[in-house]
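S.K.: The following block contains the structure, expressed as structure tokens.
The values are calculated or read from the model by the stated rules, or taken from the named source; none is laboratory data. Keep in mind the model is a prediction, meaning the values are calculated, not measured. Please note: Cβ atoms are built from the backbone with ideal geometry, for glycine as well, and neighbour counts cover all protein chains shown.
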Amino acid sequence: MTKHHLLGVLSALMLLASFDAGAWRLWPFGKKQVSTTPRLPTRNNDPNASVSRDTQGAKSGLHPEKKEKEDRVSMERLQMLADKGNPGAQLALGRMHYDGLAGLEQDFVKAADYFYKAAHGGNDRAVFNYGLCLALGRGVEKDTDKALEWFVRAAEMGVPQAQKQAAVHLEERGKYAQALRYLRKLAAEGDAWAVRRTAMYLIEGLAGEADPKEAVAYLKAAAGKGDPRCQVRLADCYERGLGVPRNYEEMFGWLYLAARSDDPEAQAKLGCCFLRGQGTVRNTATAVKWFIRSAEAGYAPAQTYVGNCYLQGSGIPCDPKQAVAWYQKAAEQGDVMGEFSLGAAYELGRGITHDSKEALRWFQRSAEKGYAPAQYNLAIMYAEGRATAVNGPKAVEWYRAAARQGSPAANVALGRLHLEGKWVAMDRERAKAYLNQAAQDGSKDAKTELKANF
């Protein structure tokens, strides 16, 4: 394969990765960029911590208590009640020691001890808080298995935070049916995160048989109440025809609502709708506006799309340097299309100085995440010895990876290699199978090879 052919392939695949809805999905983004899994709540001043939104403003991450009660009751009174075994007083003292309130020094050991005592006195919030101490290793030895036991206990007592943490811990252990039980409880109370998670379980069949229709029912309820994340997930169902008939107009409507609520994923997907005229009239200039709005909010896939628009002068003046700048932003966030597009820019010397080593590095990063165009071009780099020594086995490995995802060009390459017996055994039948697959996918090169050799 010549350098000229390589560059032609790279250029074509850049276009494919950007705008071809048929080959590589309409929505090549969304799962990684917006994290929806709750993290264990901790103190706000812990640099390695993240306070769960579900603590409703409790800085410590513990179950929230009313400050008025703490102000009303003196420390002496609290201590006296706690010493007499009052669970409420023990819980309050535990929180004070945990947060270092009312002149007390922060003391996780004392906090955990008071939570433990209050928990054994039947206080449901103390049960959750002691589980939290076990999960974080605060005042007691860290033990996530024991923490799960306490979370489950509190969850059964009806503590929403415990139900959420129990679901997260159970999911991590692959106990999806048990996790779904708590997710359903939360979803029934209108917890939007739990609604999305429940819908995902039902769509993917994680806890048994898939039930997309029930998933859609959950999403519709939350989306109708204005939750933008559920609106996006519902739009995805309409785009894919999951649980509902495929309907681009419905998809567009839910995306528009979420985009107006400043959801960056919705804004990027709305840009795709305007770009392709799906669910609305095609309008490239409007598409670019939505892509830019999403990209400026830091959403990596939209940054790649903005780069593509600058590269191709689509709805915006052509500016390869601006394209590379946006690809760089997306690639640094780990976006597979951004990494691929940046690699292609380096190899083509488009908007940036030609550098095959950098091209190889970015193709590799994207390929390892499963992006077929990057896998195919990485195979070419190894086959051609570009920025690296020629490595036939590596080239074959990456051609096969791309072919497994349906890349017609990779199937053609493998067909040719089997015809020549280069780096693989000569095998005309296998060659024919690869070429037939590529031809069925519309490859003119495959049809030419079949006509010439069979």
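S.K.: Give segment 353-397 a look and list any residue that's in a helix (DSSP H, G or I) and either without any contact (Cβ under 8 Å) to a residue 12 or more places away in the chain or aromatic (Phe, Trp, Tyr) (or both), or say none.
M.R.: If the condition is that a residue be in a helix (DSSP H, G or I) and either without any contact (Cβ under 8 Å) to a residue 12 or more places away in the chain or aromatic (Phe, Trp, Tyr) (or both), then Trp362, Phe363, Glu368, Tyr376, Tyr382 are the ones that fit.
S.K.: Kindly provide the set of residues from segment 227-247 that are over 19 Å from Glu204 (Cβ atoms) and not in a helix (DSSP H, G or I), ordered by number.
M.R.: Asp227, Pro245, Asn247
S.K.: Hey, can you tell me all the residues within segment 120-144 that are surrounded by fewer than 19 Cβ atoms within 10 Å (Cβ to Cβ) and either assigned to a helix (DSSP H, G or I) or within 36 Å of the chain's Cα centre (by Cα) (or both)?
M.R.: Across segment 120-144, the qualifying residues are His120, Gly137, Glu141, Lys142, Asp143, Thr144.
S.K.: Look at segment 421-444 and say how many of its residues are of a type in the set (Lys, Arg) and surrounded by fewer than 15 Cβ atoms within 10 Å (Cβ to Cβ).
M.R.: Of the residues in segment 421-444, 3 are of a type in the set (Lys, Arg) and surrounded by fewer than 15 Cβ atoms within 10 Å (Cβ to Cβ).
S.K.: Being on the phi > 0 side of the Ramachandran plot and touching a helix residue (DSSP H, G or I) at 6+ places or on another chain (Cβ under 8 Å) is the filter here; which residues of segment 377-399 pass it? Spell out the reasoning first.
M.R.: We begin by selecting, within segment 377-399, every residue on the phi > 0 side of the Ramachandran plot; these are 385, 387.
Of everything in segment 377-399, just one residue is on the phi > 0 side of the Ramachandran plot and touching a helix residue (DSSP H, G or I) at 6+ places or on another chain (Cβ under 8 Å), namely Ala387.
S.K.: Just to be sure before I move on: is Thr388 over 21 Å from Ala344 (Cβ atoms) and either among the hydroxyl-bearing types (Ser, Thr, Tyr) or in contact with a strand residue (DSSP E or B) (Cβ under 8 Å, 6 or more places away or on another chain) (or both) in the structure I sent? Break it down stepwise before answering.
M.R.: Values: over 21 Å from Ala344 (Cβ atoms): no; either among the hydroxyl-bearing types (Ser, Thr, Tyr) or in contact with a strand residue (DSSP E or B) (Cβ under 8 Å, 6 or more places away or on another chain) (or both): yes.
In short, no.
S.K.: Among the numbered criteria (1) more than 26 Å from Pro228 (Cα to Cα); (2) out of contact with any helix residue (DSSP H, G or I) (no Cβ under 6 Å at 6 or more places or on another chain), which single criterion is violated by Asp262?
M.R.: Result: Asp262 passes all but (1).
S.K.: Go through (1) outside any loop (DSSP other than H, G, I, E, B); (2) surrounded by fewer than 17 Cβ atoms within 10 Å (Cβ to Cβ); (3) touching a helix residue (DSSP H, G or I) at 6+ places or on another chain (Cβ under 8 Å) and name the single condition Ala402 misses.
M.R.: That leaves (2) as the condition not met.
S.K.: Filtering segment 411-454 down to residues that are within 18 Å of Pro373 (Cα to Cα), of a type in the set (S, T, N, Q) and assigned to a helix (DSSP H, G or I), which residue is nearest to the chain's Cα centre (by Cα)?
M.R.: Result: Asn411.
S.K.: Separate question: Among the listed residues Ala344, Ala330, identify the single one that is closer than 21 Å to Ala372 by Cβ and touching a Ser or Thr at 6+ places or on another chain (Cβ under 6 Å). So that I can check it myself, show each step before the final result.
M.R.: Numbers: Ala344 fails: touching a Ser or Thr at 6+ places or on another chain (Cβ under 6 Å).
The unique qualifying residue is Ala330.
S.K.: Please go through (1) of a type in the set (Lys, Arg); (2) more than 24 Å from the chain's Cα centre (by Cα); (3) part of a helix (DSSP H, G or I) for Arg350 and return the number of the only condition it doesn't satisfy.
M.R.: Condition (3) is where Arg350 drops out.
S.K.: What is the number of the single condition among (1) of a type outside the set (Asp, Glu); (2) touching an Asp or Glu at 6+ places or on another chain (Cβ under 8 Å); (3) buried (at least 22 other Cβ atoms within 10 Å of the Cβ) that Tyr382 does not meet?
M.R.: All conditions pass for Tyr382, except number (2).
S.K.: Suppose we filter Gly334, Gly343, Gly271 for residues that are part of a helix (DSSP H, G or I) and under 25 Å from Ala359 (Cβ atoms); which single one remains?
M.R.: Numbers: Gly334 fails: part of a helix (DSSP H, G or I); Gly271 fails: under 25 Å from Ala359 (Cβ atoms).
Just a single option satisfies the conditions, and that option is Gly343.
S.K.: Can you tell me how many residues in segment 252-307 are in contact (Cβ under 8 Å) with a residue 40 or more places away in the chain and more than 21 Å from the chain's Cα centre (by Cα)?
M.R.: The total comes to 3.
S.K.: Would you please name the residue that is surrounded by the fewest Cβ atoms within 10 Å (Cβ to Cβ), looking only at residues in segment 155-181 that are farther than 19 Å from Tyr98 by Cα and of a type in the set (Gly, Ala, Ser)?
M.R.: Looking at the filtered set, the residue picked out is Gly174.
S.K.: Of the residues that sit in segment 96-119 and are within 20 Å of Gln165 (Cβ to Cβ), of a type outside the set (Phe, Trp, Tyr) and at pLDDT 95 or above, which one is farthest from the chain's Cα centre (by Cα)?
M.R.: Ala118
S.K.: Could you check, for segment 381-404, whether at least one of its residues is of a type in the set (A, V, I, L, M, F, W, C) and under 24 Å from Pro320 (Cβ atoms)? So that I can check it myself, show each step before the final result.
M.R.: So the first thing to find is which residues in segment 381-404 are of a type in the set (A, V, I, L, M, F, W, C), and the list is 381, 383, 387, 389-390, 395-396, 398, 401-403.
Now narrow it down to the ones that are under 24 Å from Pro320 (Cβ atoms): 381, 387.
Looking for residues that are of a type in the set (A, V, I, L, M, F, W, C) and under 24 Å from Pro320 (Cβ atoms), one finds at least one in segment 381-404, hence yes.
S.K.: Exactly one condition in (1) part of a helix (DSSP H, G or I); (2) touching a residue at least 24 places away in the same chain (Cβ under 8 Å) is false for Ala147; which is it?
M.R.: (2)
S.K.: Please go through segment 248-263 and pick out each residue that is surrounded by fewer than 24 Cβ atoms within 10 Å (Cβ to Cβ) and part of a helix (DSSP H, G or I).
M.R.: Those that are surrounded by fewer than 24 Cβ atoms within 10 Å (Cβ to Cβ) and part of a helix (DSSP H, G or I): Tyr248, Glu249, Glu250, Phe252, Gly253, Tyr256, Leu257, Arg260.
S.K.: Before we move on, is Trp150 out of contact with any Phe, Trp or Tyr (no Cβ under 9 Å at 6 or more places or on another chain) and of a type in the set (Phe, Trp, Tyr)?
M.R.: So Trp150 does not fit the description; no.
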